[in-house]
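Below is one structure, written out as structure tokens; comments come after it.
The values are calculated or read from the model by the stated rules, or taken from the named source; none is laboratory data. For clarity, every value in this text was computed on a predicted model and none was experimentally measured. Positions of Cβ are backbone-derived with ideal geometry, glycine not excepted, and every protein chain shown enters the neighbour counts. Surface accessibility is based on the protein's heavy atoms, side chains included, excluding ligands, DNA and RNA. Shrake-Rupley method; radii C 1.70, N 1.55, O 1.52, S 1.80 Å.
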Amino acid sequence: MLRMSFTILAHCLAALWCGAAESVEDQGALDALVVDDDVCSSSIGRLAEFAPSSCGLDLRQLRGQTQQTGIGPLDASKGSAEAVANKLATKRLLKGISYGPTPLLSPGVLPKDDFFSDASKSQWGFRGRGDLHIMRSLGANTVRLYGNDPNEDHSDFLDLANKLGLGVIPSISDLPYVQSVQRCGTANKCTCYAQVKDAYRRNLERGLLLPDRSYHPALEYVISLNEPDSKLSQTGFPALSFAGSVVSGIDGILDAEKEVGVVGAKPNITVIVSFANCRSCTQIQQHPAIAQMWVLRDAMHNPSKYGIAPRNNLAEFYRTRFTNSFNAVGTSVDITKWLSSSYEKEFPHTPVFIAEYHSPDDPHKEEDLTGILALAEASPLLLGVNFFEFQSRYDRRGQAGWGMFDPALPLGDDMLGADGFGTETGPGSSSVKDMAFFGKHLRVPCLRPTRDIFTHKSLAQIVAAAYGGPMLDEKQLCTLNPMKELTDSGGFDRIWMAVNATSMSLFIARVVEHMGGNVLRGVPLSFAKDYVSETATFAALVSALQKQPSWAAWSKKPACVVDRDELKDNVISAVKLACDSGKVECNAIPNDCRKSIWDQASWVFGSYYHNMSRQSSTPLEALSHCYFNGAALLASSKTYSAFDIHSACVVPTSTI
């Protein structure tokens, strides 16, 4: 009863919220909802059903064809059973986490909700809050995303995810479908080919592809659209026309790949449907999600029925590159029954994953999450799940109780701006980083684990136990981290104030790395204790390290290179600063170093430091001449070899 009540309430809120959705980048508030179209959407469904047919098809004729065709599997979708079996035998069990964090602490609207762009690196990056590292520590191997601005670069997020062993499932923005002025619902009679092709091409050119035009290895799947059966029907599309709109968009995705010349293996495309009964699909409405998946498959095999004239062979695409997915509020018992009684019969050769999975009112969450993963491991079709979600959201109604973490909220309303943005930190709150987010200056709050109301365990512990993670040290989430502080006097002072020799030793090890050395077996605790004393200073520490103590190895040919954990905007500013200094001939940057800002910055910083070294009669201080406000470090080859910098862009101090 609790679950049904929550579902009904969530759907009603979604219907109310949709009317105002055009003011935001992505309808993320719908993303967590699992709905029953028989409850709150009856009026919306009727309105859509009898709306003028503007998508090039006769709705009543289409419904008649759907009823006559029935629910039987299509022969064209079967392919080679042996080939499919071989592919599934090597599948990676998907243990994902849905990631759509926001720094907003109360209801409000962000300029954009692209949280895997560089603008959000203070949340997901290591030197920020470290969200990707946290997810990996819980045992997750995949991160499922939502908002996506195709004008923003996403390569840094993908690079870090890949380095950590996290697959990424990005979603194409809702913008071309339902939000922009040229949205396909009004501009192209529900045909989304042109709008989606343009958006996806920009995505490809801004991070999804490597320089050689192959897909980034971190990409696991690409979401064409999230819950089109709910989203499009509630924004003026005639019932069932969502299939033609989505399929035409997929046609645009395929042509975008051709236009930019994609080479090599390509990720599968998925369309996430709601775990709901389909009122328009009267023949099969008793099978939640199955009807919507059936309509999408039918549209790819019979596009003309849906008013679509594709440029690509969509039936072949479906057979070779399509994966089903759905959002679910339910339990492993529900999914087990659904999988065996419905899905496996209708889609015997099409893999499926659960794009959102979490039932807040389930008293046995750990057993249930373990159970659904065991089901996926044993099933030839179910690939795994994405736990919903990483962080609770307080900017949207209905999403406050879902996250594994809460943002650390201030105690007083005076700590919030009028628009809900955190403007200050105070007692009971913690800000780990400032963030310039598309024109807004925000504080990134630290995270507090949320507790299961039944077992009082943290949701993060529950997920880690099911995913096989090493468990998260929750006490470290909101504490000072010596691995993230800048290696300057300000960072030293913050660590010094903690009066903790162990933390100081970790900080000192990082300073050594910024001065061309590597600590061998740890900084001696006796040395670290000297720098938590009342008279200790950063200048004294640097002076001691310049003597190159024997407990560290010191490179004879260090190079001034970029710090890959730094924010890209800061690196760009530092490059400009170095070029404007007159110490570097920036017009001479090698072509091999112009392909990324990281390679370009390494060559500029290295050349700057080398030129300054030749002009100086005394050794340069690394933390003065190779620092650039934290964007650079004087690194040994052992250190910079882990940074993925092109060899032509590394300039050791002895050569140029």
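Is the range 557-656 best put as rounded, prolate or oblate by its Cα gyration tensor, with a ≥ b ≥ c the root eigenvalues, rounded for a/c under 1.5, and otherwise prolate when a/b is larger than b/c, oblate when not? It is rounded, given that a/c, with a ≥ b ≥ c, falls under 1.5. Of LEU506, LEU158, the order by accessible heavy-atom surface (1.4 Å probe, DNA, RNA and ligands excluded), from most exposed downward, is LEU506, LEU158.
The accessible area of ASP159, taken with all protein chains in place and a 1.4 Å probe, comes to roughly 50 Å². Taking every alpha-carbon pair in the range 467-517 and binning the separations at 5 Å intervals from zero gives 4, 19, 27, 20, 12, 9, 6, 2, 0 percent. Solvent exposure of the range 96-219, expressed per residue, is 28 Å² of accessible area, with all protein chains present and a 1.4 angstrom probe.
Shown for the range 495-609: the carbon plus sulfur share of the solvent-accessible area, taken with all protein chains present and a 1.4 angstrom probe, equals 50%.
For a 31 Å ceiling on Cα separation, which of these pairs sit above it: LYS95/LYS457; LYS266/LYS433; LYS163/LYS258? From the list (LYS95/LYS457; LYS266/LYS433; LYS163/LYS258), the Cα-Cα distance tops 31 Å for LYS266/LYS433.
Solvent-accessible area per residue in the range 610-652 equals 50 Å², computed with a 1.4 angstrom probe and all protein chains kept. The residues of the range 445-553 present an accessible area of 50 Å² per residue when probed at 1.4 Å with all protein chains retained. Each peptide in 386-394, 129-137, 448-456 receives the mean, over its residues, of other Cβ atoms within 10 Å, and ordering these scores from highest gives 386-394, 129-137, 448-456.
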